[in-house]
There are 2 protein chains.
Amino acid sequence: MDLILKLNQNFAKELVILENIIAQNLNHEIDMIRDILKHVVQAGGKRFRPMLLIASTALVEGDDFERAARMGASIEMIHTATLLHDDVVDDNHLRRGRETANKLFGNSYSILVGDYLFTKSFQLLIDNKDIEILDIISRSFMAMAEGEVIQMMNVSNFDMDVETNLKIIGAKTAKLISAACKIGGIVGGAKEEEIKALGEYGESLGTLFQIADDILDYTGDAQKLGKPTGNDFWEGKMTLPLIYALKNAPEEEIAQIKNIFKTKDLGQFPQVQDFIERHHGVENTLVFSKQIQEKALGHLKIFPQNQMRQFFEELVNYTLIRAA
Amino acid sequence: MDLILKLNQNFAKELVILENIIAQNLNHEIDMIRDILKHVVQAGGKRFRPMLLIASTALVEGDDFERAARMGASIEMIHTATLLHDDVVDDNHLRRGRETANKLFGNSYSILVGDYLFTKSFQLLIDNKDIEILDIISRSFMAMAEGEVIQMMNVSNFDMDVETNLKIIGAKTAKLISAACKIGGIVGGAKEEEIKALGEYGESLGTLFQIADDILDYTGDAQKLGKPTGNDFWEGKMTLPLIYALKNAPEEEIAQIKNIFKTKDLGQFPQVQDFIERHHGVENTLVFSKQIQEKALGHLKIFPQNQMRQFFEELVNYTLIRAA
C-alpha cells in the first residue's frame, strides 16, 4: 500500500484543514489567476511535503497539528509555485498525466501566477509572524532557484560528475523536503538536536526521492509515471544512472550515446536503456543510494520508538523499493 | 536639473550604503547568477524607489538613514526582480538603452534568477526580523503580479476603460512606490496618519509616474527613452492616451486604428500619433493627471514645511512636466 496514502489516512483531520487552507487561497477574484491556481494546486499531488511536516510534528510528540497543517499549506503552495516556473523553464507539457499550466495557459501567465503563488505562501507565514519558519522557507526557495540554474548550466554536459549532480539534487529537491521535516519539528516543540536530525533526515529522504525519480526516468512505466520515460536524457539532464554508466563505458560507446542524443530520435531510447544496463548505471546508483538510506535511518535514532518513527523508517526504505 | 539626481546628491552617504548592500548581494558564487544580477541591478536605474524611501524618512524628520538605506536596497532588488520577469513576459529586448537579460541570457535564466533575487530581497528583511515591512513588500509584490495579469488579459482590448487601466497602474507601478514612501515613514518613526498619507502620496506619485511613461511612449524621443516609442501600442497595451482618443473618435477612425494595429507595420506609427493628437488623447490624459497631482499635493499638507516637503511637491510637478 502507498505509504503517503497511509499517512493521509492517519492524519485525515489535518488533511482536511490543509486542503481547506489551500482552497481558500485559490479563490482569487481574477478568473485567470483562479483558473491557473486551481489547475496546478488541485492537480493533487499527494501533499507529500505538508504531510511529512505534520508527521514530523507527530514524531517529536507535538500536538499543535492545526499549526502544522497551516505551515504545510504554505510549503505545498511554495512547491507548486516552483512547479509552475520549472515547467516553463523546462518547457514541460505533461505532469502527472495532465497538461501543464504553461501548455494550457501560456508561459507568461505561468510565470506571473507562479510569482503570485509564491508570495501568497509567504504571506501566510507573514500573517502568522513566523520569522523562524519564513527564514527556513525563504532559504529553501533560494536554493531551489540556484539548483535549477546549476542544472541548466550543465545541460548536455556529458562530463558532469556525481558531486555536481548531488549538489543539484540537494538544492532543487532535498532542501524543501528537509525544510518540511524541520518545520514539523519546530511546530512540535522539538529540541535543537532533534530539529537538526529531522533536517538531515529530510535532506537524505529528499535525495533518495529524487534519485528514485531519476532511475524511473530510465526504467519506469510511462503509464504509471504520467509522463514519458527518457525525458531527462532527451533534455540533456545528466542524472546518476547515466553518469555512472558513462564512468564505466569505453570511449566509443560514449560517442555512440552522444550521437543518439544529438539525433533527438525518441525511438532510439531502448539503446540508451541498454547502455545504462550494460554499464551498471542503475545498479551503481542503487549501491550509492544504500549509503544515503543508512544515513537517513541513522538520523532517526534519537527519536522515541513510536509508530511515527517506524513510519519514517518505512518511508526511506519504500522510496528505494519504488525505484529498484 | 534632474530631481532624482538632486536627491542622490542630498543623500550621498546613504546612496553609498545602498549601493554597497546591493553590490554585496550580487556577489554570487555561481557565475551565471552573478552575471545576470550584475547586468540587471547595475544597469543603474536612478534608484528612484530606495531614494524615495530615504527621502520619506527625512520628510518625517527621522534619522535612522542607515536602516532606510537597507530597506531601500531590498525594495530596489524586488523592483529589479520584477523587471527580470516582466521582460520575459513582455518579450522585451531593450531597456534603458541596453539589451535585456532575457535577450542576452535567455528566458529560463531570467525566470530563475528573478526568483532568486526576489527571495534574496525578502531574506534581507527576514534577517532583520522586519515583519511589518515584509508584510508591506510582500503585498506589493503580489499586487504587481496581479496587475501584470490584468494587463495581459486586456492586451488588444480596444474597449478597455479608464478604470481598468488605473487598476493596472495601481497594482503594477503605484503599489511599490507607495510601499517605499510608507516604509520610509515607518523607519522615520512617523505617526499612523503620516504613514497613511505617505502611502497615499506614493500611490498618486506612482500613478503619475506611470502615466508620464505611457504618454512618452506616444510622444517621446526614442534616443532619450532608451527604447523605441510605440511599444505599448504595438504590444496591444491600452494606456490612457489611446483610451481617451478612442473615446472621442468616430467609428470609422477606430476601425482604421485597429487595422493599423493588425498590420504590425511600425512605419505607420505616425498615423497613430496623429490620431491620438486629433482626438485629444494626451490632452485629456494630462487633464486627468492634474486631478491626481492635486491629490498628491493634498496628502503632503500634514507634514512639516521643511526642505523635504518642498522636494516631494516638486517631484509631483516634475513628473508631469517631464511628459507634458
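The values are calculated or read from the model by the stated rules, or taken from the named source; none is laboratory data. Predicted model only: the values in this text are computed from it and were never measured. Every residue, glycine among them, receives a Cβ derived from its backbone with ideal geometry; neighbour counts consider all protein chains shown.
Which one of A:M142, A:M153 is free of Cβ contacts under 8 Å to residues at least 40 places away in the same chain, within 11 Å of another protein chain (Cβ to nearest Cβ) and over 26 Å from B:I137 (Cα atoms)?
Just one listed residue meets the conditions, A:M153.
Which one of these is within 7 Å of another protein chain (Cβ to nearest Cβ) and under 28 Å from A:D214 (Cα atoms): A:I131, A:I111?
None of the others qualify; the one that does is A:I111.
Which ones in region B:74-128 are closer than 13 Å to B:H39 by Cα, over 20 Å from the mean Cα position of the chain (by Cα) and either charged (D, E, K, R) or crowded, with 23+ Cβ neighbours inside 10 Å (or both)?
Listed by number, the residues that qualify are B:K103, B:Y109, B:V113.
Report whether or not A:L83 is in contact with a strand residue (DSSP E or B) (Cβ under 8 Å, 6 or more places away or on another chain), within 14 Å of another protein chain (Cβ to nearest Cβ) and either closer than 21 Å to A:E203 by Cα or assigned to a helix (DSSP H, G or I) (or both).
Yes; evaluated as a whole, the condition is true for this residue.
Take A:D91 and tell me if it is facing another protein chain (nearest Cβ under 10 Å), outside any helix (DSSP H, G or I) and either touching a residue at least 40 places away in the same chain (Cβ under 8 Å) or of a type outside the set (G, A, S) (or both).
yes
Please go through (1) more than 9 Å from chain B (Cβ to nearest Cβ); (2) at pLDDT below 95 for A:F122 and return the number of the only condition it doesn't satisfy.
Result: A:F122 fails condition (1) only.
May I ask you to verify whether A:P250 is surrounded by fewer than 19 Cβ atoms within 10 Å (Cβ to Cβ) and either farther than 15 Å from A:L208 by Cβ or in contact with a Ser or Thr (Cβ under 8 Å, 6 or more places away or on another chain) (or both)?
yes
What residue, among those in region A:139-166 that are under 14 Å from the mean Cα position of the chain (by Cα) and not aliphatic (A, V, I, L, M), is nearest to A:H85 (Cα to Cα)?
Per the criteria, the residue is A:E148.
How many of the residues making up region B:94-120 are under 28 Å from A:I137 (Cα atoms) and assigned to a helix (DSSP H, G or I)?
Qualifying residue count, region B:94-120: 17.
Going residue by residue through region A:31-44, is there one that turns out to be touching a strand residue (DSSP E or B) at 6+ places or on another chain (Cβ under 9 Å) and in a loop (DSSP other than H, G, I, E, B)?
yes
With respect to B:N317, determine if the residue is among the polar types (S, T, N, Q), in a helix (DSSP H, G or I) and free of Cβ contacts under 8 Å to residues at least 40 places away in the same chain.
yes
Which ones in region A:253-296 are among the basic types (K, R) and farther than 25 Å from A:L208 by Cα?
A:K258, A:K262, A:K264
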